[in-house]
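Q: What follows is a single structure, and I will ask about it in a moment.
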Amino acid sequence: QVQLVESGGGLVQSGGSLRLSCAASGSIFSIHVMGWYRQAPGKQRESVCSITSGGDINYADSVKGRFSISRDNAKNTVYLQMNSLKPEDTAVYYCYSVLSVVQGTSQRFWGQGTQVTVSS
């Protein structure tokens, strides 16, 4: 059983910061990608950022320079440091991981989502 547990969401003022965490646990052979999506009401889900097992990182243009993704491979945990938050960052943030439970397979798992609300 693989589980991704998110934490760190909340209410913050415009210009403030939040740090999200997502820890994967269970029977995991290897993790290939971890990252974050977000979805605001009435909008499509969008990729925020991701980091691969090789350390390749990508960010959506809307968050470049403000958000930073990092990982702790020993803990199977990914973090999202969000600075200079704007009201348009308000969304439910979902952690995901593409991983192998057994060698030769890959599956995408999702966290439960955590609400980030940025007040103006």
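The values are calculated or read from the model by the stated rules, or taken from the named source; none is laboratory data. What you see is a predicted model; the values in this text were computed from it and never measured. Note that each Cβ is placed from the backbone with ideal geometry, even for glycine, and that neighbours are counted across all protein chains shown. Accessible surface areas use protein heavy atoms only, side chains included; no ligands, DNA or RNA. Shrake-Rupley method; radii C 1.70, N 1.55, O 1.52, S 1.80 Å.
Q: Taking a point 7 angstrom from the Cα of Ser100 along the C-beta vector, which residues in the stretch 6-39 have backbone N less than 11 Å away?
A: Hits in the stretch 6-39 for Ser100 at 11 Å: 29-32.
Q: Express the C-alpha Rg of the stretch 14-67 as a ratio against the empirical globular expectation 2.2 N^0.38 Å, rounded to two decimals.
A: For the stretch 14-67, the normalised Cα radius of gyration is 1.34.
Q: Let me ask something additional. Check each of the trypsin sites (Lys or Arg not before Pro) in the stretch 25-102 and keep only those in coil by DSSP with at most 16 other C-beta atoms within 10 angstrom; list them in order.
A: Sites meeting the loop and neighbour criteria: Lys43, Arg45, Lys64, Arg66.
Q: DSSP beta bridges in the chain, what fraction antiparallel, as a percent rounded to 5?
A: 90
Q: Tell me, in nm to one decimal, what length is gained between Val5 and Ser30 on full extension, where the rule is 0.36 nm per residue of separation less the Cα-Cα distance?
A: Separation in residues times 0.36 nm, less the Cα-Cα distance, equals 7.3 nm.
Q: Here's a follow-up. What is the percent carbon and sulfur in the accessible area of the chain, measuring with a 1.4 Å probe over the protein chains and ignoring ligands?
A: Its accessible area is 45 percent carbon and sulfur atoms.
Q: Full extension from Trp110 to Asp56: what is 0.36 nm times the residue separation minus their Cα-Cα distance, to one decimal in nm?
A: Stretched fully, the Trp110-Asp56 segment lengthens by 17.4 nm.
Q: Ratio of the chain's C-alpha Rg to 2.2 N^0.38 Å, to two decimals?
A: That works out to 1.04 for the chain.
Q: A further question follows. Which of the aspartates and glutamates could a cross-linker bridge to Lys75, judged by Cα under 17 Å and excluding same-chain residues fewer than eight apart?
A: Glu6
Q: List the aspartates and glutamates whose Cα sits under 19 Å from the Cα of Lys64, skipping any in the same chain fewer than 8 residues away.
A: Glu46, Asp56, Glu88, Asp89
Q: Whole Å is fine, so just give me how far the alpha carbon centre of the stretch 68-120 lies from that of the stretch 1-36.
A: 4
Q: How much accessible surface area, in Å² rounded to 10, belongs to the heavy atoms of Glu6 with a 1.4 Å probe?
A: 10
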